[in-house]
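Enquirer: Before anything else, here's the structure in question.
The values are calculated or read from the model by the stated rules, or taken from the named source; none is laboratory data. Please read all numbers here as calculations on a predicted model, not as lab measurements. So basically every Cβ, Gly included, is an ideal-geometry build from the backbone, and we count neighbours across all protein chains shown. What goes into the accessible areas is simple: the full protein's heavy atoms, side chains included, and nothing from ligands, DNA or RNA. Shrake-Rupley method; radii C 1.70, N 1.55, O 1.52, S 1.80 Å.
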Amino acid sequence: SIVSPLYRTGYHFQPPKNWINDPNGPVYYNGVYHLFYQYNPYGAVWGNIVWAHSVSKDLINWKPLKPAIYPSKPFDINGCWSGSATILPGNKPVILYTGIDTQNRQVQNIAVPKDLSDPYLVEWEKPDHNPLMVPTQENGINASSFRDPTTAWYADGHWKVLVGNKRRRRGMALLYRSRDFQHWVKAKHPLHSSKNTGMWECPDFFPVSEDGKRLGLDTSVKGEGVKHVLKVSLDDNKYEYYTVGRYLSKIDRYVPDNTSADDATGLRYDYGKFYASKTFFDQSKNRRILWGWMNESDSVNDDVSKGWAGVQSIPRTVWLDTSGKQLLQWPIQEVESLRGKGSQIKNTHISSGQQVKVEGITAAQADVEVTFDLPTWVNAEEFNPESTNPQHLCSQKDSKAAGSIGPFGLLILASDKLEEHTAVYFRVYKNGDKPVVVMCSDQSRSTVRNEVDKTTYGGFVDVDLKDGKLSLRSLIDHSIIESFGAGGKTCMTARVYPSMALGEKANLFAFNNGNQPITVSKLEAWSMNRAILN
Ligand code: DQQ
């Protein structure tokens, strides 16, 4: 079963074989979405990195093209690492990326389409004025911690771009400015930095609208009614963190709001396997879309036996919550076009220790949305205010540990007798006069295989429970469970490798292991059709 073809995805992006990692340079240009990504053409482990390239009209069905950027010049001969696309005035897309040069230094380069009239932008060329940004003795930049340029934005007469960096243990986003996109000068101060976070990989910096609507903003928008988000990927723990704050463009500083922790206790896009993510502005639908790499939980040996490793998330629309304190995320609407045969459960009580099976769908390739009605949280267990780490809470009390309210949620990719299942669930506590909700993804029983990473994930869900409801959506795709709690307030991705709960043998249940009964007010589930994937 280790090499089962049933682990491959039905509608999440992946190439036919080999290793993939970071999504790169996502962009919408002349009616076509482009996704580039880090790819090893020669195997299922990281190495020989090129920018593979696929195109789509709907962000769901993808057509593969040949690699767009691959080692060919002194400034990228040892690798073409992550970067971003920017659309310059006159509707001209360009790519900034990190090249590994002849001396194994990380340098920042530009690539431009050879032929702008080619609808797919197949060929890219690297102008001779590369590299644009280099680490030198003079600027003191560490040549092995200088990478992943962002999409550029335009403000106050300059193009600006961030590059990930660290100085000793201080992670930082270096700022570069240019008038012509050709000559770049490093600003004296980084846009932002934070002590003891280690290398900041794949920074992303973008505006969000304060009006709480889903509409996204183009990357150069700033001013009234606009906040900014800075996301960094921490090489140290392979988790991503973001803050919401203010961009002071005149002095090119970013100041996180005091509601946003600025370190590894902060907010995350996703509390599971999701890394090196990147957003782009989709001007065709005025939304900002997030792509993330869902890294593996299978062992390296098994990656090699399977012949592939890594998948990309379903693109997510991101916008600022009305609280102004956090982002919301939701799978792009287009994914619903894959919904096939559906099934419903309504107003069904689940007593303590009970499961309710969802019948009539392909549970290994499905989309499920459920809303639970809760008993009043006034009767919930007391929350220990010292429990600041939700992942610990979820690991200490797993999906079988009865509480007062919860655990309740979904048992996903479950075998007939539940020997294998992944539990995605909520638990409700009270802290004085406020409820505290934690969302967990418990992989401990996801497979009877040993060599798989079964770490449990957890995140707090910032809800007041005034309506007495909690909702959960999960996109299930064979070895992927991508979950969205409370309308996208808390998101969590698991990569799981069951040995029994595969294909037709997989089941889906709603469950309640809390002492108080829970009601499924509504559950809708759909079999998902296959997407055309490369
Ligand atoms: N992956 C790329 C780097 C980046 C890292 C190399 C993040 O550019 O920092 O494949 O996963």
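Enquirer: How long are the semi-axes of the equivalent ellipsoid of the chain, taking √(5λ) for every eigenvalue λ of the Cα gyration tensor, in whole Å from largest down?
Expert: Semi-axes (√(5λ), whole Å): 39, 26, 21.
Enquirer: Taking only Cα atoms of segment 296-366, what ratio of Rg to Rh do you get with Rh as the Kirkwood inverse-distance radius?
Expert: 1.09
Enquirer: Which three extents, in angstrom, do the Cα atoms of segment 145-248 have along their principal axes, listed largest first?
Expert: Largest to smallest, the principal-axis extents are 37, 34, 18 Å.
Enquirer: Please report the spacing between the Cα centers of segment 466-511 and segment 77-105 in Å, no decimals.
Expert: Distance between centres, Cα-based: 36 Å.
Enquirer: Work out how far the C-alpha atoms of segment 342-395 reach from end to end along every principal axis, then list the three figures in whole Å, largest first.
Expert: 44, 25, 18
Enquirer: Cα gyration tensor of segment 259-386, axes a ≥ b ≥ c as square roots of the eigenvalues: rounded (a/c below 1.5), prolate (a/b > b/c) or oblate?
Expert: Taking the square roots of the gyration eigenvalues as a ≥ b ≥ c, segment 259-386 is rounded.
Enquirer: Using only the Cα atoms of segment 381-534, each taken as one equal point scatterer with no solvent, compute I(q) by the Debye sum, divide by I(0), and report log10 of the ratio at q = 0.16 Å⁻¹.
Expert: -0.86
Enquirer: Let me ask something else. Where nothing but the Cβ of Lys and Arg (+1) and of Asp and Glu (-1) is charged, how large is the charge dipole of segment 427-534 around its Cα centre, in debye to the nearest 20?
Expert: Computed about the Cα centre, the dipole is about 120 debye.
Enquirer: Grab the Cα-Cα distance for N301 and R168, subtract it from 0.36 nm times how many residues apart they are, and report the gain in nm with one decimal.
Expert: Additional length available on full extension: 44.5 nm.
Enquirer: For N91 and L248 in the same chain, what is the full-extension length gain: residue separation times 0.36 nm, less their Cα-Cα distance, in nm?
Expert: 53.8 nm
Enquirer: So what are the three principal axis dimensions of segment 53-159 from its Cα atoms, in whole Å, longest to shortest?
Expert: 45, 36, 26
Enquirer: Work out the FRET efficiency for L116 and V45 from their Cβ-Cβ distance, taking R0 = 30 Å, and round it to the nearest 0.05.
Expert: 0.25
Enquirer: Quick check on segment 86-224: what does the Kirkwood estimate of hydrodynamic radius come out to from the alpha carbon pairs, in Å?
Expert: Answer for segment 86-224: a Kirkwood hydrodynamic radius of 16.2 Å.
Enquirer: Additional query: Please compute, over every Cα-Cα pair in segment 44-95, the percentage with a separation greater than 18 angstrom.
Expert: Percent of Cα pairs beyond 18 Å in segment 44-95: 49.
Enquirer: Moving to a separate point now. Decide, for segment 313-468, between rounded, prolate and oblate: order the square roots of the alpha carbon gyration tensor eigenvalues as a ≥ b ≥ c, take rounded if a/c falls under 1.5, and otherwise choose prolate if a/b is larger than b/c, else oblate.
Expert: The shape class here is rounded.
Enquirer: Treating only the Cα positions of segment 6-92 as identical point scatterers, give the base-10 log of I(q)/I(0) from the Debye formula at each q in 0.17, 0.19 Å⁻¹.
Expert: Cα-only, vacuum Debye calculation for segment 6-92: -0.75, -0.90.
Enquirer: Per residue of segment 115-122, in order, report the coupling 6.51 cos²θ - 1.76 cosθ + 1.60 (Karplus, θ = phi - 60°) as ³J(HN,Hα) in whole Hz, putting x for Gly and Pro.
Expert: These are the phi-based 3J(HN,Hα) values: 9, 5, 8, 6, x, 9, 6, 5 Hz.
Enquirer: Continuing with this model, one more query. Given the -39500 (n - 2.57) contribution per DSSP H run of 4+ residues, what per-residue ellipticity at 222 nm results for the chain, rounded to the nearest 500 deg cm²/dmol?
Expert: -500 deg cm²/dmol
Enquirer: Can you tell me the equivalent ellipsoid semi-axes for segment 71-111? Use √(5λ) from the Cα gyration tensor, largest first, whole Å.
Expert: For segment 71-111, the ellipsoid semi-axes come out as 23, 8, 7 Å.
Enquirer: Separate question: Give the Rg (one decimal place) followed by the Dmax (whole number) of segment 122-175, computed from C-alpha coordinates and expressed in Å.
Expert: Considering segment 122-175 through its Cα atoms, Rg and Dmax are 13.3, 40 Å.
Enquirer: Putting +1 on Lys and Arg Cβ atoms and -1 on Asp and Glu Cβ atoms, find which of Y254, W184, A276 reaches farthest to the positive end of the dipole of the chain.
Expert: W184
Enquirer: Okay, next question. What distance in nm separates the simple spin-label points at H189 and E369, each placed 7 Å from Cα in the Cβ direction?
Expert: Taking the simple label geometry, H189 and E369 are separated by 4.5 nm.
Enquirer: What does the charge dipole of segment 135-286 about its Cα centre add up to, to the nearest 20 debye, if the Cβ of each Lys and Arg holds +1 and the Cβ of each Asp and Glu holds -1?
Expert: About 340 debye.
Enquirer: Could you give me the ³J(HN,Hα) list for segment 460-476, computed from phi with Karplus coefficients 6.51, -1.76, 1.60 and θ = phi - 60°, whole Hz, x at Gly and Pro?
Expert: For segment 460-476, the Karplus-derived couplings read 6, 10, 7, 10, 9, 6, 4, 8, x, 10, 9, 10, 9, 10, 10, 9, 9 Hz, x marking Gly and Pro.
Enquirer: Classify segment 176-236: rounded, prolate or oblate, from the alpha-carbon gyration tensor (a ≥ b ≥ c, eigenvalue square roots; a/c under 1.5 rounded; otherwise prolate if a/b is larger than b/c)?
Expert: oblate
Enquirer: Of all alpha-carbon pairs in segment 207-295, indicate the percentage at a distance above 19 angstrom.
Expert: Tail of P(r) above 19 Å: 45 percent of Cα pairs.
Enquirer: Whenever you get a sec, line up R168, R214, R287 from highest to lowest accessible area (probe 1.4 Å, protein heavy atoms).
Expert: R168, R214, R287
Enquirer: Something else now. List the relative contact order of the chain as a percent without decimals, with contacts defined as Cα pairs under 8 Å and 6+ residues apart.
Expert: After rounding, I find 15 percent.
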